[in-house]
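Visitor: One structure coming up, written as structure tokens, with questions to follow.
The values are calculated or read from the model by the stated rules, or taken from the named source; none is laboratory data. Only a predicted model underlies this, so the values are computations on that prediction, with no experimental measurement involved. All Cβ positions, glycine included, derive from the backbone under ideal geometry; neighbour counts span all protein chains shown.
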Amino acid sequence: MTIKIGILRADDVSPELALDFGQYPQMVEDLIVAANRARGAAAKAVEFTSYAVNRLQYPSNIDEVDAYIITGSKSSVYDPEPWIEELSHFVERLHNGKKKTVGICFGHQIIASALGGKVEKAAVGWGLGVKPTSLTDAATGAEPYLPQGDSSINLLYSHQDQVTVPAPGSTLLATTDICPVAMTAIGEHILSFQGHPEFSHDYAQALYRLREKNYPPEAYKNAMASLQEQEHGALVANWIIDFISS
């Protein structure tokens, strides 16, 4: 059976970077495909459809696909934009229908915001670079995300906003040193991450350089230095595959 995944595109990659790195749906697709291929005989049959929700493009029916992944965005979920309001309503529909949904960065935030949580500018400022991400007991319990004894992974981050109050019914799965709500789940149908498992080191480096003037110098310096660290986007991709196909 083929698993159909709808990618809800919430932004456009900067023209300066798009030629080399593609758009966000392609990054997400590449991440999932690579992790799936590495499973060998256990690989799932997967196909993708992209919907530019930042241009108000949606499926005619939520059951056109089996699951949805909401991408990151430079926008804030509290911006008074019609497309953000429409996406919030769509997230509510997905939740009410218990449709499998994965949120990445902005996607993580709009899930929380649409379902009764709160998203704000982080008081500590930008979260950038490869950061240790500590999993909670809920993520290392009966159905662990990591092997026994492990409790942390590295993920790439690029955010100024963050979830400060999770949506009611959320289970906290991970935190970072500056982001208390870095990974959450709601029931068995929603999984979301503040980090960017789909970012390559090369894309993150190019993005940080492009936006350098927006960052405090020390934050930029530390972010660039952190790119020497290994990150575990492929591991997260496997979590997403297991979550969507369960």
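Visitor: So which residues in region 75-96 are exposed (fewer than 13 other Cβ atoms within 10 Å of the Cβ) and closer than 26 Å to L207 by Cβ, if there are any at all?
Guide: If the condition is that a residue be exposed (fewer than 13 other Cβ atoms within 10 Å of the Cβ) and closer than 26 Å to L207 by Cβ, then D79, P80 are the ones that fit.
Visitor: Within region 189-196, is there a residue that is closer than 22 Å to K44 by Cβ and of a type in the set (V, I, T)? Don't jump to the end; show me each part of the working.
Guide: Looking only at region 189-196, we keep the residues that are closer than 22 Å to K44 by Cβ, and these are 189-193.
Filter once more, keeping what is of a type in the set (V, I, T): 190.
The answer is yes; a qualifying residue exists.
Visitor: Restricting region 149-168 to residues that are of a type in the set (S, T, Y) and under 18 Å from A138 (Cβ atoms), which is nearest to the chain's Cα centre (by Cα)? Explain how you work it out, then say what you get.
Guide: From region 149-168, those of a type in the set (S, T, Y) are 151-152, 157-158, 164; that's our starting set.
This time we only want the ones that are under 18 Å from A138 (Cβ atoms), so: 151-152.
Numbers: S151: 20, S152: 17 Å.
Checking each candidate, the answer is S152.
Visitor: Could I ask something else about it? Would you call D11 assigned to a helix (DSSP H, G or I) and modelled with pLDDT of 95 or more? Step through it out loud before you land on a result.
Guide: Numbers: assigned to a helix (DSSP H, G or I): no; modelled with pLDDT of 95 or more: yes.
No; evaluated as a whole, the condition is false for this residue.
Visitor: So is A43 over 22 Å from H196 (Cβ atoms) and touching a helix residue (DSSP H, G or I) at 6+ places or on another chain (Cβ under 6 Å) or not?
Guide: Details: over 22 Å from H196 (Cβ atoms): yes; touching a helix residue (DSSP H, G or I) at 6+ places or on another chain (Cβ under 6 Å): yes.
Yes.
Visitor: Do we have A45 as crowded, with 19+ Cβ neighbours inside 10 Å, hydrophobic (A, V, I, L, M, F, W, C) and in contact with a Ser or Thr (Cβ under 7 Å, 6 or more places away or on another chain) here? Explain how you work it out, then say what you get.
Guide: Details: crowded, with 19+ Cβ neighbours inside 10 Å: no; hydrophobic (A, V, I, L, M, F, W, C): yes; in contact with a Ser or Thr (Cβ under 7 Å, 6 or more places away or on another chain): yes.
Against the criterion (crowded, with 19+ Cβ neighbours inside 10 Å, hydrophobic (A, V, I, L, M, F, W, C) and in contact with a Ser or Thr (Cβ under 7 Å, 6 or more places away or on another chain)), A45 does not qualify.
Visitor: Restrict the check to region 123-134 and report whether at least one residue is on the phi > 0 side of the Ramachandran plot and crowded, with 22+ Cβ neighbours inside 10 Å.
Guide: yes
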